[in-house]
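Have a look at the structure below, then the notes.
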Ligand code: KIV
Ligand code: ZN
């Protein structure tokens, strides 16, 4: 394992996380306020420098989501995105006004194709708009970031000109988005080196890469080599189309190869895995098993030769320890004889230090129940239990169910829910056992959301693994995501569906956003 210190003091790279803005632009992802807030707190604990909390003009819900984060999350800079116009900037300013460290991030496109076809503006007019936007943003906050959308397909001299004008107007950070994921490491390194020579030394150069050619992480690292000192990225690399540069991969590349790069970030790497799991669960976007750093197989050794090597010396086939990214979890934690104090200590060891007593109490009851059925409880089981804990008011709770299902017969489900009026039972049939259970639940609640996506994955390995079900549902204009965890997959499915129903009752769905980035709307 390479563990050499760089010859000179490492240079600091700022991590700008845009999971809640560009990440939320992933098809099918819609987070409600409570979920956004939970992710933002996790990002703060992770140690990101900047949280882009949303795009406030997109909808009143987005504006409120950003302002809640601005009010409640301390530590990182909180920013909201705004196109280069007054209405967007006013919305962003309102959204971040309560932040400890507010920033407005404004942008306009600079490539010939965007200026001609989308904006229908001459380059001089684009520069003028950029300057006006930055000046207006500076009338609200001291920290303004300016982005040149589609920068990597823009003329370099024009980029330097618009960035110089933005800096003179008051921008403190200028960002170079590879909006369509078109650039290459060599090209981007050279572009940053060029821009560095054109701009005053105090300006922070920033990169923002998309993964259309699978090079977002490599391009971000090359940008830093060329002079970028802020990198924009997302947890698990989620984002528009093929996604954004993956935060965990960039951070661990800098950490593991600091002998080569000489950069450091402020990220607490041991929080990476937990952040990845949270974002996957709340966004409903699974992490591919072979994904670097956070995928299920990232630290698994399958071949006999590799296993033999790792047993003799881990460094034979591991370039970093799983513990370093918060995955010490494979070890056995507890069994059914473990007491309350040991349970709390296990939670604390896993980083869950802020759980209120009543929550620990109900988790302990669930743990005992699980330990009875499953025997050995692993750290990943505990994580799944904690993460599935309900942040949603429990109007309905699953009390029990029975399914009759088999070949050449229609599955029938009997379900009992605890409701505000006491326990209520219903029976229904469906195309499969899960659908039958969902129909029975709908009968009890009187709500009938449309199931849009369904995903199941094992939380731990082995035949007695916990299964985690994530469902996406539509109810009127609202999009909702629910998860449920249990050793029985129908139970996990029913728990996820009951959670969706509770979210509907609590009015927690996210509204559809109208016309975001609609062509010609600038
Ligand atoms: O990809 C992009 O161009 C963006 C900007 C709005 C920063 O996300
Ligand atoms: Zn982007």
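Rule-based calculations on the coordinates, nothing more; no lab input. Only a predicted model underlies this, so the values are computations on that prediction, with no experimental measurement involved.
How long are the semi-axes of the ellipsoid equivalent to segment 12-283, from square roots of 5 times the Cα gyration tensor eigenvalues, in whole Å, largest first?
Working from the Cα gyration tensor, I get semi-axes of 25, 23, 17 Å.
When N is the residue count of segment 265-316, what does its C-alpha Rg come to as a fraction of 2.2 N^0.38 Å?
So segment 265-316 has a normalised radius of gyration of 1.42.
Calculate the length of the line joining the C-alpha centroid of segment 236-281 to that of segment 421-444, in whole Å.
What the calculation gives is 42 Å, centre to centre.
Taking the convex hull of the Cα atoms, report for segment 397-505 its projected area averaged over all directions, in nm².
Across all orientations, segment 397-505 yields a mean hull projection of 6.8 nm².
Stick to Cα atoms and the Kirkwood definition of Rh, then tell me Rg/Rh for segment 208-271.
Result for segment 208-271 is an Rg/Rh of 0.95.
Run the helix sum for the chain: -39,500 (n - 2.57) per DSSP H stretch of 4+ residues, divided by residue count, reported at 222 nm to the nearest 500 deg cm²/dmol.
Mean residue ellipticity, 222 nm, calculated: -11500 deg cm²/dmol.
Could you give me the radius of gyration and the Dmax of segment 331-389, taking only the C-alpha atoms into account and expressing both in angstrom?
According to the Cα coordinates of segment 331-389, Rg and Dmax are 10.1, 28 Å.
Need the C-alpha centroid separation for segment 120-176 versus segment 54-110, integer Å.
18
Kirkwood hydrodynamic radius, computed over distinct alpha-carbon pairs, for the chain: how many Å, to one decimal?
24.6
Relative contact order for the chain: what is it in percent, counting Cα pairs under 8 Å that are at least 6 residues apart?
12
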